[in-house]
Amino acid sequence: MGAAERDPYRDTWVRYLGYANEVGESFRPLVPVPVVWASYGVATAYVTADAIDKGRRAAAAHAQDPARATRVGVAVVDTFVWQGLASVAIPGVTINRLCAASLALLGALTRWPLPLRRWTTTALGLAAIPLIITPIDRTVDFLMDSSLRKLYRAPGEPPAPR
């Protein structure tokens, strides 16, 4: 991709907004629940903006194509579903459960004061984020290629770029 084709949702700091809910889930033991829900709002706004951007790019790339509307729809749906699963739903649940289990285990196995257990849980959640990204992305690629993408991809065509 050249400089003119730089994808702001994938190639700049903006992509980190997709991880907002994982950060929110990591901080769940320390912040009010509305703050966690707000982090999901940020991540969902990122996913929506990326899907709209991919639709606009598909519209521009296929301006003369009679199937332009279909190509735009596929680009939007594919991006929204992929990002929704890989950036919001699966990592959010993963970090939520990791932090809940960590907090419970720390409570059962240590005599640490509650604030220390909460901060440790948050640190573990934050540390796990970089570790879960690639496995989740690959799993979502596999799930999408095995299901939804079969509906709109020609046989032998490679998966849609993310």
For Ser87, the accessible surface traced by a 1.4 Å probe with all protein chains present amounts, in square angstrom to the nearest 10, to 10 Å²
Send over a whole-number figure in Å² for the accessible area per residue of the stretch 53-108, probe 1.4 Å. 52 Å²
Placing +1 at every Lys and Arg Cβ and -1 at every Asp and Glu Cβ, with all other atoms neutral, what dipole size does the chain have around its Cα centre, in debye to the nearest 20? 300 debye
First compute the accessible area of the chain with a 1.4 Å probe, then give the percent of it belonging to carbon and sulfur atoms. 68 percent
If you take the charge dipole of the chain about its Cα centre, with +1 on Lys and Arg Cβ and -1 on Asp and Glu Cβ, which of Val72, Pro8, Gly84 is farthest toward its positive end? Gly84
Rounded accessible area of Thr94 (nearest 10 Å², 1.4 Å probe): 50 Å²
Just need the relative contact order of the chain here, percent rounded to a whole number, with Cα pairs under 8 Å and 6+ apart. 26 percent
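The values are calculated or read from the model by the stated rules, or taken from the named source; none is laboratory data. These numbers were taken from a predicted model, which means no experiment stands behind them. Glycine gets a Cβ as well: all are built from the backbone with ideal geometry, and neighbour counts include every protein chain shown. Ligands, DNA and RNA are stripped out before the accessible areas are found, and what is left, the full protein with its side chains, is counted by its heavy atoms. Shrake-Rupley method; radii C 1.70, N 1.55, O 1.52, S 1.80 Å.
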